[in-house]
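Heads up, the thing below is written out as structure tokens.
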Amino acid sequence: MKAIFFLIVAAGGFITATCQETQTITLTDCYSDALAASPLAGEKQSLKQVYLLKDKNIESGWFPSVEAGASVMYNTSVVDFAAALDFLPVPVSPDEVSGMPRDQYRFTVDINQVIYDGGSIKGSREVEKASHIYDEKGVEADLYRLREQVNNTFFSLILLRKELELHRSFNDLLAEKMNAVLSAVENGVLLPADFDIIRSEKLKNDQLISAIEIRISALFAVLSDITGKEYGPATRLVMPELDTYHGDTITRPELQLFDLKSNQLEAGKSLLRSTRMPKAFGFATLGYGSPPGNDFFNDSFGTYAVVGAGIKWTITDWNRAKRNNQMIDLNKTIIESRKYDLEGNLRRSLEVKMSEIESLTSMIVSDEELISIRKTITESTALKLDNGVISATDYMTELNSEKQAMINRELHIVNLEKAKAEYLYIVGKEIEN
């Protein structure tokens, strides 16, 4: 049973390792996964719901408002009709005239309906819509900045992978050279110290390999945290092949935010204009009470109704609207200056990044020539070591120079693609592969 259990576990581990081995991700995969995993991803939907609720509230301003009320009053003084009748030329007995009731009871339903609001409801809805679009773009701008984290982690992993491959190949070469040197020592061609030099170099390289593997695992943990996916050292990363064009139009979300903020302020100006427009409304009161309505001589309970219409027009607001418009114009000027400043900073960053791309492209060309030269020198030095002409130290110096030249080439290649990705990030252009 134990044997079967271990076979099942081993098979499961093999399947897991095989699945992980075939896992392949691209830079754009990491972008989309990072956006989906971000806590901000659900914020846009929440903002949409908030906007719709606010819009419904504003739109309900067209609906009639209905309020119910009740009141009880007692008047200590009322009109004395008996005294007033003494002035009449016709004699009337005070007993024949009922006095006004001192107590009043009213139960009312008041209805108010907007007939014309001068465009304030429409203006409020436009302001709220502009605010919602601005907030949505703000979330997009925050999410866009995740690409910078993805770029740094993704290309660092690719570079470490390249270094790891080179160090492992270097290790294989050192292992072969150790055998050759050991044989030469046994034959008296080289000294035992030469073998120790090669062996110590291999131990140092083993340490580098272990350190790089630890860094790779740590960076994969970071990438997994950013994207919400499970990645590990067996995951394959695809190096993107990116194209850049000097002079691309900058379409960063941050720049669009400035335009949307100006639109929001402009919508506010339209709303301000509506405050100076006349407002027309209708009203009605349905009641039940004693006395019913204005029939003060009736002390019994009864129903009554009042209907009417009115107009309100703010003739002067002491230039309040004018000053508010001036403040909006000043804020728009500030926004334009900030947008101009950001555009300038981004364009300067693009110039620096383009120079970096050109420099790396040039270095990669010279790297190939340098590696070819270093290989020739190393091969020649290896022959001299085998014949006992030079020491192992001299050989290791040339071999390390060749290794460094190869590492520099991979560093330049990866940094070139990273610089291109950063260029596109600055521009705000989508990466398609």
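Every number in this text was worked out from the coordinates using simple rules, so none of it is lab data. Just so it is clear, the model here is predicted, and its values are computed rather than measured. Neighbour counts run over all protein chains shown; Cβ positions are idealised from the backbone, glycine included.
In the chain, a dipole from Cβ-located charges (positive for Lys and Arg, negative for Asp and Glu) runs towards its positive end, and of Gly232, Ala280, Ala34 it is Ala280 whose Cα lies farthest in that direction.
In a fully extended conformation the segment linking Arg348 and Glu176 would gain 56.8 nm over its present Cα-Cα distance, using 0.36 nm per residue. Compared with the direct C-alpha span, the chain from Ser362 to Ile334 gains 5.8 nm at full extension, assuming 0.36 nm per residue. Bridging of Lys129 to aspartates and glutamates at a Cα separation below 16 Å is possible for Asp55, Glu59, Asp259, Glu266, once same-chain residues fewer than 8 apart are set aside. Considering only the other residues whose Cβ falls under 14 Å of the Cβ of Ile212, what net charge follows from Lys and Arg at +1 and Asp and Glu at -1? In short, +1.
Got a sec? How would Met327, Met239 order by Cβ neighbour count within 10 Å, fewest to most?
Going from least to most buried by this count: Met327, Met239.
Counting neighbouring beta carbons within 10 Å and listing from fewest to most, the residues Glu369, Glu163 come out as Glu369, Glu163.
Semi-axes of the equivalent ellipsoid for the range 224-269, computed as √(5λ) from the eigenvalues of its C-alpha gyration tensor and ordered from largest down, come to 39, 20, 5 Å. Within the P(r) computed for the range 393-433, what percentage of the Cα pairs occupies the region above 17 Å? Here the tail beyond 17 Å accounts for 51 percent of pairs. Over the chain, the pair-distance histogram of Cα-Cα distances with 10 Å bins from zero comes to 4, 12, 14, 14, 12, 10, 8, 7, 6, 5, 4, 2, 2, 1, 0, 0 percent, rounded to whole numbers.
Across all directions of projection, what mean area in square nanometres is found for the Cα convex hull of the range 113-253?
Its Cα hull, projected and averaged over all orientations, spans 16.0 nm².
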